[in-house]
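A.B. asks: One structure, pasted below without further comment.
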Amino acid sequence: MAKPLLTLDSGTTCSSWNYCGVRLAAGSADGTLSIFDFRDPASSSSLRSTFKSRIREGNIVKIVWLPPENGDAVACIFADGILSLWEEFAEDSHPLQWKMCKSFGGSSSKVLDVQFGISSTSLKMVVAYSDGHVRVYELLNPLELNNWQLQAEFQNVIDSVSTFGKAACFSASISWNPQKGGSQDSSFIIGYNSNTSELNSSKVWEFDQAHQRWLPVAELALPEDKGDQVYGVAWAPNIGRPYETIAVATHKGLAIWHLGLNPEHDGRLPVERIALLSGHEGEVWQMEWDMSGMTLATTGRDGTVRLWQSNLNGAWHQQAAIQPTS
Amino acid sequence: MPGGDGALVPVSNENRGSVVVYPLHHGLNPPIARLAISWSRGNSLRVSVFRPPSEGEAGGKVVEVNLSNGDSEISDAQRRRIAYGSVSPFALLQSRRSSFSSLSKVPMTPSLYHLDWCEHVIEYSKDISSLLGGPKLPPSPIIEDPKAIFKKGEEPTYLKAAWEMMEIFYADKQSQAWLPERLVDWLADYDSLFSSTQATIHSKLVDFQKDIVNIQVIEDDSRYWEVISSALAVGWLDVVVKMLRLHGSYQLDQLSYRETENGLIEAVAVLISKMPRLRPESASGKLGECFKSKPDFNKAWEKWRAQITKLDCSAFWIHCDNLRTREGLKNMLQIMLGNIESLCMATCHWIELYISHFLYIRPFTMGIESMYSLAQKCIQSKPVSSAHRLTGLMIGILEENTEVVLAECSREYGPWMVAHAVELLTAGSEQAEILLYEERYNLGGISIGELHRLIYAQVLSSHALTWQIAPIYLTSCMKQGMSLLEILLYRQSVQHNELLLKNIELCRLYGLDHISSSIMKVAGVYHWKHGRKGSGIYWLQQAQDANRLHIIAQQLFDSVGKSISDESFKQWEGVIELLGSESKTAGGLEFLRKYRDFKKFLQQVPGGKSTEAARRAVDSLILLMKNPSTPQRFWLPLLYDSLKLLNWQDCPLLNVCETNLLLNKVQELSLARVRPDFKESSLPPEALSCVRLALATNLGRAILDE
């Protein structure tokens, strides 16, 4: 049943839970970052504020927690396209504090989205910029979040020869393959909402270990839908299915894709659109898979949370909707 | 929440047009600017609701929605009690299954194998069933109220009723021969559950019981006869006989002039208490004569019916002048003779009519197909306005449609029921076994049975008090359980040591070394970053994270590489102590131990007095300088700290060979300084020349000494 956890201050625009759901980071329109912690994580009783500070001028539009292997740290994206990394830290005998580690982006190219993925060796950060460029950074020292090396830069196109100089992108969505460790190369999917149709369709990028480069291995769009602006992508955790499941939201609806695990002769992964679902009228804001990858939760401009599942025959449908009311 | 649909379980045969919309009350004034969602563990979803900023208003709310609260009948505490209680029967059955499957390779007659397995399943079923009882009702008074028609045990629950129904049909193979009789008992226990939607015999009895004290002449009350016939129709024989004996003609002052009437009543009562039943034995205190074998029963049945017919045609009826008694008793005889109209009149719910068929019309076991068509007939003659939680399940069972049974279980009783009932459904039914254990591509390569266990494990994971038992169910899922367990364990907080240790113990138990190493890595970084350097290093060592430890070692070198008088000495001394002696995995940290020893000795050499202490310090210094793991940038600080040893007043502390070693190191340092990546230490610029001079002096004195 529904249990209220917290009341947020006026002006709060976004929030994000950490990996184990005991810390909540919230961002405000005035650039305030707040951190809330459960008093007693066992009983998940009530949240208390442990940090609140105006970290920068401007509106925080998105917060992403870094993987816990790199400490308690968040990436905040501001409306003006600045990405700044903040970390909780205690010097020897001083109390805990949050400090800024690094910032990215600027006036020419704004940061639209950021997501972190753990490869076997290091932490990787994918940043989507408003000029249509995707940059992959690698953390050189796992204990210091200020030392990032640019590993790759590319545009979200299958044919790498063509580049699009004057792309204007409004939003982007990145989702890493949630696979932990293992032999699999790290991969992620990215889709754009831009004025350049070639950039838009969501593509799966995989790191080619042998040649140390990122390659597009799949495109999740039907030929006639390739220019569609992508609102969001979400890669489902795979607990042993013989295929990956990925959700892609465009104005045409919510598509569920299956991605094969073994490449075909041309190096591409086989893809199949399993379902195209409608429910949210208009833009989809967010898509989240549960930990088994069996239920997808989405929110959108219609102000409703929708839950999607597959039935025993593999047919996807909307299972329920949650309508916030006062 | 969506649990009204059974905790979000995929249901195959659902055909609902519109999606159920659940309201989420957040208490904010409209408008709502944006929503954010995040899955917590299992099936809890956290929803953040944001308002546009405005004066004096809250900016938003965070609400946790648990999607798995299916059954409102059972309280949360009771649900957890059931969850914990069912772990050991479930685990026992799983281990028996695995030993059975290894046994089945040994040639064995299939029927024997089958029988053995069924015994395990029925034991499991009884164990589970005993958990499902409702709250105990207050104990009945010691002095029995002569007018109390009922005895009450425990409050019946739908869950238990449903479980027992499945036990009767699927698991209890030994009672298959007298299945209708088991249904009679079942209805006697659970008839009250049907009262929620319409009147039942139970509700009529309860109502009558309430009024009984106010009735003067009971046999003149039409309800008396009505209730008696109803109870008789569903075979509650002891209630019937007890009520008959409340008849006025039994009263001492009336016995004399109502002899015939009383005789007839007694005759009916005796017939009722002698009713032949096809069952091994009745529960203690229950009336009726039990027959185990069908021929014996048939013989007794024919005889009994003949007695009823004889009584029905008896001349005594003419002498019974109480019309109500005569009609009431006659009607009872019709019921016993299986008069369909009388049965229909006496029963309320179709299921009661159904049970009365087994008792009086077709008292012989019948095939399940004819049981199904009989149920259809009963529903036609007593149609129900709304669906009932138990009848849907019953129809599914009678239809022999495993999918419907699963769907009903899931919709009405939630994931616990489905995960545990699969064992009953598959007991002895090859068809159900194929259906439930066949791997399906649509489900990601798992079977329906495994899917339902995963779903139940997710529900368990949602709550802080039950996630610890989720691994039992996950590890019974061959294909995908372990991966989900890994995710579950990884997503536990490392902040609290108790939880962390529990988590690591679970990893060890299930052989998930890579997960425990991830967890320990997370814990190590957490403590390190939060100022608890000792714990941080400890957990990183446990995780064998050479990469991070190496970096930490470098940081420690930086902080200890300063001069001896540095205040930080105490701080890092403790950390080094923690590292222990077996620091193979600790990167260059073993050097720090030697360095600590050297610094300690050096501190014990105050004012250049004790030559012995000074010699120990020199030995330690030589050891350090000889050791290849001593970083080069430490050489100069080490030597500079040792100046007073090099310039020892009483005698040269280093021999020629040792001095030459140190001089070589100084030479190496001078060369290294030219290289671009050389890091200048924080020592005074003349440090190197001071050291060189001291060494040269020492060399001279040592040569003279030798």
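A.B. asks: Return the residue satisfying two criteria in turn: it lies in segment B:244-258 and is of a type in the set (A, V, I, L, M) and surrounded by 10 or more Cβ atoms within 10 Å (Cβ to Cβ), and of such residues it is farthest from B:Val213 (Cα to Cα).
C.D. replies: B:Leu255
A.B. asks: Could you list, in sequence order, the residues of segment B:373-397 that are open to solvent by less than 30 Å² (accessible area, probe 1.4 Å) and within 15 Å of B:Trp163 (Cα to Cα)?
C.D. replies: B:Leu390, B:Thr391, B:Gly392, B:Leu393, B:Met394, B:Gly396, B:Ile397
A.B. asks: Would it be correct to say that B:Lys292 is at pLDDT 90 or above, over 17 Å from B:Trp225 (Cα atoms), surrounded by fewer than 16 Cβ atoms within 10 Å (Cβ to Cβ) and not hydrophobic (A, V, I, L, M, F, W, C)?
C.D. replies: no
A.B. asks: Could you tell me which of the residues B:Ser429, B:Ser370 is free of Cβ contacts under 8 Å to residues at least 60 places away in the same chain, closer than 30 Å to B:Phe297 by Cα and open to solvent by 10 Å² or more (accessible area, probe 1.4 Å)?
C.D. replies: B:Ser370
A.B. asks: Residues in segment B:317-347 that are surrounded by fewer than 19 Cβ atoms within 10 Å (Cβ to Cβ) and either without any contact (Cβ under 8 Å) to a residue 60 or more places away in the chain or of a type in the set (D, E, K, R) (or both): how many?
C.D. replies: Residues in segment B:317-347 being surrounded by fewer than 19 Cβ atoms within 10 Å (Cβ to Cβ) and either without any contact (Cβ under 8 Å) to a residue 60 or more places away in the chain or of a type in the set (D, E, K, R) (or both): 15 in total.
A.B. asks: Same structure, new question: Go through the residues of segment B:233-249 one by one and say whether even a single one is closer than 30 Å to B:Trp178 by Cα, of a type in the set (Val, Ile, Thr), in the same structural domain as B:Arg324 (by TED's automatic domain parsing) and touching an Asp or Glu at 6+ places or on another chain (Cβ under 9 Å).
C.D. replies: Checked segment B:233-249: at least one residue is closer than 30 Å to B:Trp178 by Cα, of a type in the set (Val, Ile, Thr), in the same structural domain as B:Arg324 (by TED's automatic domain parsing) and touching an Asp or Glu at 6+ places or on another chain (Cβ under 9 Å).
A.B. asks: Could you list, ordered by first residue, the pairs with Cβ atoms under 8 Å in which the first is in segment B:645-666 and assigned to a loop (DSSP other than H, G, I, E, B) and the second is of a type in the set (Lys, Arg), at least 6 apart or interchain?
C.D. replies: B:Cys651/B:Arg701; B:Pro652/B:Arg701; B:Leu653/B:Arg615
A.B. asks: Which condition does B:Ile469 not pass, out of (1) open to solvent by 10 Å² or more (accessible area, probe 1.4 Å); (2) within 30 Å of B:Ser535 (Cβ to Cβ); (3) within 11 Å of chain A (Cβ to nearest Cβ), if it passes all the others?
C.D. replies: Unmet condition: (3).
A.B. asks: Right, here's the next one. Can you tell me which residues in segment B:535-551 are buried (at least 22 other Cβ atoms within 10 Å of the Cβ), in contact with a Ser or Thr (Cβ under 8 Å, 6 or more places away or on another chain) and either away from chain A (no Cβ under 12 Å) or in a helix (DSSP H, G or I) (or both)?
C.D. replies: B:Gln541, B:Leu549
A.B. asks: Hey, another quick one. Where residues in segment B:259-277 are closer than 19 Å to B:Ser314 by Cβ and among the charged types (D, E, K, R), which of them is least open to solvent (accessible area, probe 1.4 Å)?
C.D. replies: Step by step, filter segment B:259-277, then rank; the result is B:Glu261.
A.B. asks: Return the only residue of A:Glu153, A:Glu198 being open to solvent by 30 Å² or more (accessible area, probe 1.4 Å) and closer than 15 Å to A:Gln229 by Cα.
C.D. replies: Going through A:Glu153, A:Glu198 in turn, just one is open to solvent by 30 Å² or more (accessible area, probe 1.4 Å) and closer than 15 Å to A:Gln229 by Cα: A:Glu198.
A.B. asks: Okay, moving on. Hey, any hits in segment B:426-434 for a residue that's within 14 Å of another protein chain (Cβ to nearest Cβ) and part of a helix (DSSP H, G or I)?
C.D. replies: No, that holds for no residue.
A.B. asks: Would you check if there is a residue in segment B:293-305 being assigned to a loop (DSSP other than H, G, I, E, B) and farther than 17 Å from B:His357 by Cα?
C.D. replies: Yes: segment B:293-305 contains one or more residues that are assigned to a loop (DSSP other than H, G, I, E, B) and farther than 17 Å from B:His357 by Cα.
A.B. asks: Another one. Can you find a residue in segment A:211-219 that is open to solvent by 20 Å² or more (accessible area, probe 1.4 Å) and within 14 Å of chain B (Cβ to nearest Cβ)?
C.D. replies: Checking segment A:211-219: not a single residue is open to solvent by 20 Å² or more (accessible area, probe 1.4 Å) and within 14 Å of chain B (Cβ to nearest Cβ).
Residue by residue, here is whether (1) at pLDDT 80 or above; (2) more than 25 Å from A:Ser10 (Cα to Cα) holds:
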{"position": "B:Asp5", "(1), (2)": "no, yes"}
{"position": "B:Leu28", "(1), (2)": "yes, no"}
{"position": "B:Pro52", "(1), (2)": "yes, no"}
{"position": "B:Gly60", "(1), (2)": "yes, no"}
{"position": "B:Ala77", "(1), (2)": "yes, yes"}
{"position": "B:Arg81", "(1), (2)": "yes, yes"}
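A.B. asks: Among (1) under 19 Å from B:Leu337 (Cβ atoms); (2) not in a strand (DSSP E or B), there is one condition B:Arg277 misses while meeting the rest; what is its number?
C.D. replies: Going through the list (1) under 19 Å from B:Leu337 (Cβ atoms); (2) not in a strand (DSSP E or B), B:Arg277 breaks only (2).
A.B. asks: Would you call B:Leu359 surrounded by 15 or more Cβ atoms within 10 Å (Cβ to Cβ) and more than 30 Å from A:Leu312 (Cβ to Cβ)?
C.D. replies: yes
A.B. asks: Just to confirm my filter: which strands (runs of 3 or more DSSP E) fall fully inside segment A:284-326 and include at least 2 residues that are at the interface with chain B (Cβ under 7 Å from one of its Cβ atoms) and open to solvent by less than 20 Å² (accessible area, probe 1.4 Å)?
C.D. replies: A:295-300, A:305-310, A:316-325
A.B. asks: Applying the selection to segment B:43-59, what residues are within 7 Å of chain A (Cβ to nearest Cβ), farther than 14 Å from A:Leu307 by Cα and in contact with a Leu (Cβ under 8 Å, 6 or more places away or on another chain)?
C.D. replies: Correct list: B:Ser48, B:Val49, B:Phe50, B:Glu57, B:Ala58, B:Gly59.
A.B. asks: Going through A:Ser53, A:Ser15, A:Ser103 one at a time, which residue ends up being surrounded by 18 or more Cβ atoms within 10 Å (Cβ to Cβ) and either touching a strand residue (DSSP E or B) at 6+ places or on another chain (Cβ under 8 Å) or more than 10 Å from chain B (Cβ to nearest Cβ) (or both)?
C.D. replies: A:Ser15
A.B. asks: Tell me, please, whether a residue that is assigned to a helix (DSSP H, G or I) and of a type in the set (D, E, K, R) can be found in segment B:345-360.
C.D. replies: Yes, that holds for at least one residue.
A.B. asks: Still on this structure: In segment B:372-407, what count of residues is obtained for those that are part of a loop (DSSP other than H, G, I, E, B) and either in contact with a Cys (Cβ under 9 Å, 6 or more places away or on another chain) or on the phi < 0 side of the Ramachandran plot (or both)?
C.D. replies: Adding up the residues that qualify gives 9.
A.B. asks: Also, quick follow-up: Look through A:Glu69, A:Glu91 and report the one residue that is within 14 Å of chain B (Cβ to nearest Cβ) and at pLDDT below 90.
C.D. replies: Criteria check complete, one pass: A:Glu91.
A.B. asks: Please work out if B:Ser125 is out of contact with any strand residue (DSSP E or B) (no Cβ under 6 Å at 6 or more places or on another chain), open to solvent by 10 Å² or more (accessible area, probe 1.4 Å), in a helix (DSSP H, G or I) and modelled with pLDDT of 75 or more.
C.D. replies: no
A.B. asks: Can you name the number of the only condition in (1) surrounded by fewer than 22 Cβ atoms within 10 Å (Cβ to Cβ); (2) at the interface with chain A (Cβ under 7 Å from one of its Cβ atoms); (3) in contact with a Ser or Thr (Cβ under 8 Å, 6 or more places away or on another chain); (4) modelled with pLDDT of 85 or more that B:Leu35 fails?
C.D. replies: Of everything listed in (1) surrounded by fewer than 22 Cβ atoms within 10 Å (Cβ to Cβ); (2) at the interface with chain A (Cβ under 7 Å from one of its Cβ atoms); (3) in contact with a Ser or Thr (Cβ under 8 Å, 6 or more places away or on another chain); (4) modelled with pLDDT of 85 or more, B:Leu35 misses just condition (1).
A.B. asks: Still on this structure, I have one more. So for segment B:439-459 (the condition being at pLDDT 90 or above, farther than 20 Å from A:Gly314 by Cα and either assigned to a helix (DSSP H, G or I) or open to solvent by 10 Å² or more (accessible area, probe 1.4 Å) (or both)), does at least one residue qualify?
C.D. replies: Among the residues of segment B:439-459, at least one is at pLDDT 90 or above, farther than 20 Å from A:Gly314 by Cα and either assigned to a helix (DSSP H, G or I) or open to solvent by 10 Å² or more (accessible area, probe 1.4 Å) (or both), which makes the answer yes.
A.B. asks: Looking only at segment A:242-257, decide whether some residue is at pLDDT 95 or above, open to solvent by 30 Å² or more (accessible area, probe 1.4 Å) and under 17 Å from the mean Cα position of the chain (by Cα).
C.D. replies: Within segment A:242-257, none of the residues are at pLDDT 95 or above, open to solvent by 30 Å² or more (accessible area, probe 1.4 Å) and under 17 Å from the mean Cα position of the chain (by Cα).
A.B. asks: Going by what's in this entry, would A:Asp30 be described as within 11 Å of chain B (Cβ to nearest Cβ), out of contact with any Cys (no Cβ under 6 Å at 6 or more places or on another chain) and open to solvent by 30 Å² or more (accessible area, probe 1.4 Å)?
C.D. replies: Yes; evaluated as a whole, the condition is true for this residue.
The values are calculated or read from the model by the stated rules, or taken from the named source; none is laboratory data. Predicted model only: the values in this text are computed from it and were never measured. Neighbour counts run over all protein chains shown; Cβ positions are idealised from the backbone, glycine included. Heads up: the accessible areas ignore ligands, DNA and RNA and are worked out on the full protein's heavy atoms, side chains in. Shrake-Rupley method; radii C 1.70, N 1.55, O 1.52, S 1.80 Å.
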